[in-house]
Amino acid sequence: MEEGFSHLPVMGREVVELLSPVPAGMIVDCTVGGGGHAALLLDTRPDITLLGIDRDADAIAAARARLAAFGSRAQVVHGGFEMLGEVVAEHGEGKPVMGILMDLGVSSPQLDRGERGFSYRFDAPLDMRMDARQELT
């Protein structure tokens, strides 16, 4: 996993159980984070492909590293869930979406690193951007 973005999904079993009845096809993980839920889904469902989306460049790098072993079954791209339609149209290769996962909120790597600006427990400027490339902090 990428240095600086280590995240253990706490509801992995529940996510796999909830998406197990979904027909074969593409699942979109709209907040892929470090790729934990995505890896569990790809491990348990050889009949799916996964399109992972995130705003956080560190999360994207971590998810790509974690999901590399799944080859063409996993694709991770930069974007936000408010752009879901456009991202799926551009990267979904025409596959129908059979399931969508949205794990909303911040993750522990974002809270645990003061330089990210999400935490009050560090003496650092507050900066609530998920995508550090955005101009407005």
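List of remarks:
- Segment T44..F122, full-extension length gain: 24.2 nm, with 0.36 nm per residue of separation and the alpha-carbon distance subtracted.
- Summing charges over all other residues whose Cβ lies under 14 Å from the Cβ of I48, with Lys and Arg as +1 and Asp and Glu as -1, gives -1.
- Normalised contact order of region 1-93, rounded percent, pairs of Cα under 8 Å and 6 or more residues apart: 30
- Gyration tensor verdict on region 1-105 (Cα atoms; rounded if a/c is under 1.5, prolate if a/b is larger than b/c, oblate otherwise): rounded
- Take 63-74, 21-32, 48-59 and order them by the average number of nearby Cβ atoms within 10 Å per residue, most first; the result is 48-59, 21-32, 63-74.
None of the figures in this text is laboratory data; all of them are computed from the coordinates on show. Bear in mind that the values here come from a model prediction, so they are computed numbers and not experimental data. FYI the Cβ positions are ideal-geometry reconstructions off the backbone, even for glycines, and counts take in every protein chain you see.
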